[in-house]
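Each remark here refers to the structure printed beneath this line.
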Amino acid sequence: MTQFRSHMEDALAEARAAGARGEVPVGAVVVDAAGRVVARSGNRTRELADPTAHAEMLAIRAACAAAGSERLTGHALYVTLEPCAMCAAAMAAARIARLYYGAADPKSGGVAHGARVFRHPQAHHVPEVYDGLCAEDAAALLRDFFAGKRN
């Protein structure tokens, strides 16, 4: 059995890089069943002029491309912020096995808040969900980013 290793620090590094590019600082990392990082990304919605270019979506797309499949069975996704409904639906469609996220998102979240995608009978697949990993670090990145926008 493989020993658990959190990859949230990798996701936080992607979030910091996104923030440095002027994007909302959210980062995501996809890890295969053997614990290897197979894809990573930060938000790129502004850079790509694409409202679907969330960190999770980009990381899932890259992981699927690397796997040569639309299914990521056995894979885990680490993301710094609770995924929105769009990203949660993509995780279900990709059959992500485990979701680990940092900060809760009461405004736009789609897992524990809002749409609660995985609780719907229409969800194709429901991953194991673990929340609160490095939550304060992830929340601080977001607070600092938006405080800088207000000043």
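The values are calculated or read from the model by the stated rules, or taken from the named source; none is laboratory data. All values derive from a computational prediction rather than experimental measurement. When we count neighbours, we look across all protein chains shown, and the Cβ atoms used for this are built from the backbone with ideal geometry, even at glycine. Please note that ligands, DNA and RNA were not included when accessible areas were found on the heavy atoms of the full protein model with its side chains. Shrake-Rupley method; radii C 1.70, N 1.55, O 1.52, S 1.80 Å.
Here are some notes:
- Residue count, region 10-46 (criterion: open to solvent by 40 Å² or more (accessible area, probe 1.4 Å), in contact with a helix residue (DSSP H, G or I) (Cβ under 9 Å, 6 or more places away or on another chain) and either in a loop (DSSP other than H, G, I, E, B) or not basic (Lys, Arg) (or both)): 4
- Odd one out for residue 123 among (1) surrounded by fewer than 15 Cβ atoms within 10 Å (Cβ to Cβ); (2) modelled with pLDDT under 95: (1)
- Residue pairs whose Cβ atoms lie under 7 Å apart, separated by 6 or more positions or on different chains, with the first residue in region 58-87 and at negative phi and the second of a type in the set (Lys, Arg) and at pLDDT 95 or above, are 58/44; 59/40; 71/95; 72/95; 73/95; 76/98.
- In region 47-56, the residue that is surrounded by the most Cβ atoms within 10 Å (Cβ to Cβ) out of those that are of a type outside the set (Asp, Glu) and part of a helix (DSSP H, G or I) is 55.
- Enumeration of residues in region 6-35 that are under 16 Å from residue 102 (Cβ atoms) and basic (Lys, Arg): 16
- Within region 36-57, tally of residues that are in contact with a strand residue (DSSP E or B) (Cβ under 9 Å, 6 or more places away or on another chain) and more than 16 Å from residue 99 (Cβ to Cβ): 3
- Number of positions in region 94-120 that are under 23 Å from residue 61 (Cα atoms) and open to solvent by 40 Å² or more (accessible area, probe 1.4 Å): 5
- Qualifying residue in region 44-67 (condition: farther than 23 Å from residue 16 by Cβ, basic (Lys, Arg) and out of contact with any Phe, Trp or Tyr (no Cβ under 7 Å at 6 or more places or on another chain)): no
- Per-region count, region 57-88, residues open to solvent by 30 Å² or more (accessible area, probe 1.4 Å), among the hydrophobic types (A, V, I, L, M, F, W, C) and over 12 Å from the mean Cα position of the chain (by Cα): 4
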